[in-house]
Structure formats: C-alpha cells, structure tokens
1. Report, in debye and to the nearest 20, how large the dipole of the chain comes out about its Cα centre when Lys and Arg carry +1 and Asp and Glu carry -1 on their Cβ.
2. If you count, for each residue, the other Cβ atoms within 10 Å and average over each peptide, how do 324-331, 337-344, 6-13 line up from highest to lowest?
3. With N set to the number of residues, divide the alpha-carbon radius of gyration of segment 100-196 by 2.2 N^0.38 Å and report two decimals.
4. Rg over Rh of segment 28-109, using C-alpha atoms and the Kirkwood radius, what does it come to?
5. What shape does segment 174-237 have by the C-alpha gyration tensor, where a ≥ b ≥ c are the square roots of the eigenvalues, rounded means a/c under 1.5, and otherwise prolate means a/b greater than b/c and oblate the rest?
6. Considering only protein heavy atoms and a probe of 1.4 Å, how much of the accessible area of segment 160-312 is carbon and sulfur, as a whole percent?
7. Using the Kirkwood radius over C-alpha pairs as Rh, can you work out the diffusion coefficient of segment 296-355 via Stokes-Einstein at 37 °C, viscosity 0.692 mPa s, in µm² per second?
8. Quick one: order Thr336, Thr201 from most to least accessible surface, probe 1.4 Å.
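The values are calculated or read from the model by the stated rules, or taken from the named source; none is laboratory data. These numbers were taken from a predicted model, which means no experiment stands behind them. All Cβ positions, glycine included, derive from the backbone under ideal geometry; neighbour counts span all protein chains shown. Remember, those area values only see protein heavy atoms, side chains included, never the ligands or the DNA or RNA. Shrake-Rupley method; radii C 1.70, N 1.55, O 1.52, S 1.80 Å.
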Amino acid sequence: MAKYKHIVVPKDGKAITVKAKKLSVPNKPIIPVIEGDGIGRDIMKATRRVVDAAVEKTYKGRKRIAWMDVYAGEKAFELYKEWLPEETTQAIKKYIVALKGPLTTPVGGGFRSLNVSLRQILNLYACVRPVSYFKGVGSPVLAPQKMNVIIFRENTEDVYAGIEWKKGSKEVKKVINWLNKQMKTEIRMDSGIGIKPISATGTKRLVRKAIQHAIAHKLPSVTLVHKGNIMKYTEGAFRDWGYQVAASEFSRQTITEDDVWSKYKGKAPKNKIVIKDRIADSMFQQILTRPDEYSVVATPNLNGDYLSDACAAQVGGLGMAPGANMGDYIGLFEATHGTAPKYADKDVINPSSVMLSACMMLDYMGWGKAADMIRRSIQKTIDKKTVTYDLHRQMKKAKKVGTSGFATEMIKNMR
Ligand code: NAP
C-alpha cells in the first residue's frame, strides 16, 4: 500500500480497479474525497451522510463506501503548505473514482485554478453535466420540465489551457512582436494575450464519449455547439471533427440533421441518433425557447462553462446542478457551482448538487439502485416542501431547512 504523508488509507476498504476495460468495484471501495473550500465543508458532510444511508438501505450492509479524505485547496495549504499536493493526484489516479467539493480560484492573479489543474493532471477530458428538472422546484421559465440535457464540455483545452501572458510582461511583448512582424497582425502593445488551442485529438475523444453516452442511453440527438462562424480554425474545426467522428466511427448508429431533411423529409429514422450543430449564441436562445429539442450536447470548454450554468438556472439554479470530470476510466465527481464564500459554514446551502454528483458516481460504479434511492428522496423531500433557502425563495408555502436539516429529511424520506 502506498505511503502517504497525510492521507490515511481506510484499513477495511479495497481499491477499485480496471479489468478488461471495465471498472471492477469491490463491496467496500475506497473513495477519495476532497471536501473543498467554503460551502464544501457543509455540503460534503451532508452528502456523505446521505450516500452512506442510501447504500446501507439499498444493500443492507453488504456494500459500504470506505471514504478516504484527500486534500486540495485551503485544507491542503494548512497541512502541506501546498494547494494541490502530489499525493492527492496520485491517490485519485490509484483509486480511480473520487468525489470533490468546490475549490477557490483567485480572479486576475494568484495561483492557477486548482480545478483546471486537477482536470489537466488527471487527463479528465470530459466535463459531464446533466441538467433535468425536479417537479415542484420554482423556475424562471414556464415549462422547466422540458429541460433534460446532458452537456459534454471539453475540459483540457480552449482558452482554459492556461496559456496567457500579462499586459506589459516580457513574454507578452515577445509574442506580440512576433505576431505583428511575422504574421502581419496589428495587435496593440498594451494587450494581454491568451491562447485558444483546440485539437482534433481533444475534440474527437470528447465527441466520441458524448455519442457513446447517447447510444448507451438510447438518446435521440447529439448537438455540437460552437462559435465556428467567427473562430473558424478552433470552434469551426471542433464542429467538423465532431461530424467526422460520427461518420467514421458511428455511421451505423447516427445520421446528420442535413440527411434527415434531405433524405427523410425531416423525420429521423428509428434508432438513429441525429448529429446536429448549433452556433453558440443561437443555442443560448434555443435552450430557453425549445429545450426539448436538445438531448446530448458536446461543446468546447468555455461554451460549456457558460451553457451549463444557464441550463441549471432553468431548473432551480446551481444548487441542483451536478457534474463529473471524466477521463478514460478516472472519474472525479463534483457539482457545477463554486465555493459560494458568503454562505461558508452557515449550514444553509443546498447540498443537492453534490448529492446528485454522488449519484452519478454511484451509477458509474454500478451502484445505480442506491443512486435512484437518493434521487427519489430528493424528489420526495421537495414534494413535502422541505427545502433549502435557494428553492424556498422560488416556492410558495415551503418550509426552509439548512444543509444538515435537508440531509436529515432526505434520510427520513428514503424508501
Ligand atoms: P459560486 O460559488 O458558484 O456561487 C455563486 C452563487 O450561486 C451563490 O452566491 C449562490 O447564489 C448560488 N449557489 C452556488 N452554489 C449553491 C448551492 N449549493 N445552493 C444554492 N445556491 C448556490 O460562484 P462564485 O461566487 O462566482 O465563485 C466562488 C469561488 O468558487 C471562486 O473562487 C470560483 O473560482 C470558485 N469556483 C470553483 C468551482 C469548482 O470548484 N469546480 C466552480 C465554480 C467556481 P445566491 O447568492 O443567489 O444564493
């Protein structure tokens, strides 16, 4: 067993492994957990209680998660004087499936995003964010139940790659001079510069995962969302490479939207997944006005970041928005939202987003029955109008509970 400085490996747990390209999950899997900064402390406590209760009730003691605390962010800095210790990433690599709370990222300076670093170090190239509606939750739109999408956001490239230089720096002058002289551009010398790499490799593996998901779950369409009319060789290429993957690897299961119109009068043949594309700005209005025309969405990093929060807003907000960062096997499951510092340690925030991320984790482990129990219990608790402040302010005649109180109600409501 690996020796760690601060991580304590649970004695009675076993590591998840990969056998014949599939996860092999023991009855007491060791799951690394990063508690996270800010509200992470409250939501992770509540989530662990709820997951343990659902696993216990579903499997009657035959299965149990052996949680293993690993550190990043403020807690890591206290312990190691480092924000992202190497043993944390090593542990996640070894134990394959992990749960994560939000981590603080300074704006406009300071250290690099730990979230972005984790995704890059662990090669978690797909950020997967399902957005669907729980009945009874208040919403700013008229028919929130029409929203049922799963966003596959590329997680390692685009302007998020962290290749940028500050205005006035030695580096930025070098880059601007080179561009202006060699490439005949006219960039102002008082500019900051960021680079937007989008590769065929990064795009194809993301779109492949999105199409595989659509096939596995019998979903009707995969939409490539891009801004390729303006950024032709990055976002436009994303669209072209996406269609190429569909045509070269999934020709039996997919059909393009153009072919649906030119060959089938606009009605897709049964059992075919329609591959379509939308320009990002148009997609933002369509997802508001016609959300039911979209199912799986595959998109570059920045579009995906904006789009997933916008979709979440339609179904009750960030408190209801789960997510996962996926590589070929490693899965790091985390909510869409951040550390919401003004609510830290106040026991008020909605833990559903991390609980639903934990459900995605349980599904991935093949423990879907426990995940379903948690989802049913969230619905039941909302049906009884016992909700945290964020849902309370959008609902009539509801009772407001705190983070821990919501978890307690959920455990009572588990069937
Ligand atoms: P945020 O933490 O996501 O919070 C923004 C607002 O969203 C909150 O003020 C709250 O709205 C609502 N919200 C978020 N989580 C909620 C929950 N569980 N339940 C109910 N409402 C929730 O965004 P931010 O304030 O812009 O970012 C704070 C820090 O988090 C930054 O350092 C940022 O970089 C970081 N961040 C980390 C991650 C990550 O770890 N993956 C992701 C995003 C941001 P109301 O005020 O309206 O109640």
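1. Approximately 1180 debye in magnitude.
2. Answer by packing, highest mean first, reads 324-331, 337-344, 6-13.
3. So the Cα radius of gyration is 1.57 times the expected 2.2 N^0.38 Å.
4. Using Cα coordinates only, the ratio equals 1.04.
5. Prolate, because a/c is 1.5 or more and a/b exceeds b/c.
6. Carbon plus sulfur share of accessible area: 54 percent.
7. The Stokes-Einstein estimate is 257 µm²/s.
8. So the residues, ranked largest to smallest area, are Thr201, Thr336.
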